[in-house]
1. Using the 10 angstrom Cβ neighbour count as an exposure proxy, how do M154, M335, M264 rank, fewest first?
2. Tell me the relative contact order for region 82-256 as a rounded percent, counting alpha carbon contacts under 8 Å between residues six or more apart.
3. Pairs K281/K474; K278/K621; K281/K604; K278/K402: which exceed 30 Å Cα-Cα?
4. Which part of region 53-81 falls in the paramagnetic zone of D504, meaning amide N under 14 Å from the point 7 Å along Cα-to-beta-carbon?
5. Between the alpha-carbon centers of region 539-565 and region 164-196, tell me the distance in whole angstrom.
6. Using a simple spin-label model with points 7 Å from Cα along the Cα→Cβ vector, what separation in nm is obtained for D241 and E14?
7. Using Cα-Cα distances under 8 Å and only pairs 6 or more residues apart, what relative contact order does region 535-657 have, in percent?
8. With a length cut of 15 Å (Cα positions projected on each helix's long axis) and a Kyte-Doolittle mean of at least 1.0, go through the chain and give me the DSSP H helices that pass.
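Only the coordinates and a few stated rules stand behind these numbers; no lab work does. Computed from a prediction, not measured in an experiment: that's the story for all the values here. Cβ placement follows ideal geometry from the backbone for every residue including glycine, while neighbour counts extend to all protein chains displayed.
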Amino acid sequence: MTQEGADLEARLEEQEAFEPPESFVEQANVTDSGIHEEFEENWPDCWERAADLLSWDEAYDTVLDDGDAPFYEWFTGGELNASYNCLDRHVEDGAADEAAIEWIGELGETRSYTYDELLTEVNEFAATLRSLGVGEDDVVTLYMPMIPELPVAMLACARIGAPHSVVFAGFSADALATRMNSADSEYLVTCDGYYRRGDALDHISKTNEGLAGVEHEVSDVVVVDRLGDDLEHSLAANQHDYDDLVADYEGETVEPVSRDAEDMLFLMYTSGTTGQPKGVKHTTGGYLAYTAWTSRAVLDIEADDTYWCSADIGWITGHSYIVYGPLALGTTSVMYEGTPDYPEKDRLWEIVENYEVDIFYTAPTAIRAFMKWGKEYPEKHDLSSLRLLGTVGEPINPRAWKWYYKHIGNEACPIVDTWWQTETGGMMITTLPGINTMKPGSAGPPLPGIDARVVTASGEEVSAGEAGYVTVDKPWPGMLRTLYNNDERFINEYWQEYSDEETDEWVYFPEDGAKVDDDGYITILGRVDDVINVSGHRLGTMEIESAVVGVDGIAEAAVVGGDHEVKGEAVYVYAIPEDGYDADAELEERAIEGVLDSIGPIAKPEEVLFTPELPKTRSGKIMRRLLEDIASGNELGNTSTLRNPEVVDDIAAQVEDD
Ligand code: PRX
């Protein structure tokens, strides 16, 4: 490194606050520094600004109806269609030939869809779904990887008022069955397979295995042929080839159905404290207004931008910030099928250069991997088109933030570290890139109109520097409306902790720990429930535990997250073998298989440690905190409250041996 380079590194290392670059501020979508106060003073009417970004078939009469809190309703009386807002209106406004989706396949092939072409595909698939009998409010499950037919299917569902439930393609057959059962979903769109690092992966066998576990009759399954001759497969009687079906509806148009603002747009299953995934319900008006507004204000998206969010559409980030938010704003959204290091570790930077990407949004786990691979990969490419960078999904450590800032953004792009959740629908805590100073490692202040605080266990606001829990004291348009078919669990999971039912004061509890500084910047410390965050993916430890305990020969298990350099957290399993079974490699292998079968490769344990006992308190509770410390290699605290302190040494010794 040159002396100049070394000086620069040293300066960056010490710098704790960064101002938005002047060149960015000059063109930013939001530059009014009074916006936080303005939203506070005009709350909840301030949210009309978000609703104004949409085209409504019927104007709403009330911004917020809190008559049946916490079952809040937004923009009531209003009617709209999400697919019309993401497609037709842009075509009508003269953007028919502008690119809507730029898709890049892993093997290097590309597909480009203008708004007009995407609308045509959506119309044809909407007609196809209708012909199969899909009606308004029928839940359609989409079990698909990052292929263009996924957003097409989502928007086709939205067009006919059928809520979609996207199941991440990396999830297992069991996970598909659980979600279809829970949503009573009778229709499925899937594909034969897809490519990963050049190999053709079989997805249809996994689909069929999942379908075997669906308890009700599945009317129709539509199968996209992604692999062509690379995978031979046959279709069952109720299964149809996507292209064959759609061919009958070529050129067909379907009038977008006017949906009530509060009608369900989609369901998204996510992990919680118990083994059963939660079906988060999002609605049409509030969700779309909120994702459009945050896309504009935080990601600074404009119609003529090329914007790229590298998440998978199978998670909420992809729903909100690959599909709905960006397309509602009429921008060009890039969609990449593959992995960041295939065929080479500069794949993403090659795409940024080729497509002249303006805005790039990714997860800290990816940034930590880029750091590990080295700056020579981004340096091979011209990244000067970039204007803004974003991160989401897990806390970003200051070192990774600074690396991203320097080596990807060339110190000329603001970074937005956006904290939010499947349940919140869109971003909640982040700096506004044209206004706020950035502090690496801290997400920033709550967005305008978002009443997020950090409080003690009893609900008092913490003082600066102290740790506490995040709460959100006022509702917002993008919030979940309930858990599908389970209002009671909705209340228990999110509202019970801090609300006062008697005074009708409702406080949302996201189950994250945090601290706050003197400027009101919030640093997220991580989940405080039994959820772990592996590579930005949210996994329930209970789900993994029940998968392990389901394995023959395992009597009891505890699953915790341990620190991991790239993944943030990794899955550690502590298991007690049943009498008569050896704690050997075969049992370990079967425990891992159990997790892969019930959840999928994202939940693959880093290690399975066998132990004759689990550390328990005198009241019989497993000391998870202690197991986390062991997995993370931390100093162990006081173990005197344990019923069986000797097991801790045994387990810790095993970890050291590995
Ligand atoms: O713990 C927080 C973490 O991810 C959780 C939400 O996970 P999920 O519903 O899968 O949504 C992920 C994408 C929005 C949160 O409870 N999280 C998300 N963003 C951040 C974060 N933790 C720290 N900083 C963030 N920017």
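1. Details: M154 29, M335 24, M264 21.
Lowest to highest Cβ neighbour count: M264, M335, M154.
2. Values: 307 pairs, mean separation 39.6, N = 175.
Rounded, it is 23 percent for region 82-256.
3. Working: K281/K474 19 Å; K278/K621 24 Å; K281/K604 28 Å; K278/K402 36 Å.
Pairs exceeding 30 Å: K278/K402.
4. What the label zone holds, given the 14 Å backbone N cut-off, is 65-73.
5. Result: 23 Å between the Cα centres.
6. So the two model labels end up 6.7 nm from each other.
7. Values: 186 pairs, mean separation 29.1, N = 123.
Worked out over region 535-657, it gives 24 percent.
8. Numbers: long enough: 3-14 (17 Å, -1.22); 115-131 (24 Å, -0.21); 149-160 (16 Å, 1.38); 173-183 (16 Å, -0.01); 284-297 (19 Å, -0.18); 585-598 (20 Å, -0.24); 646-657 (17 Å, -0.02).
In the chain, the long hydrophobic H runs are 149-160.
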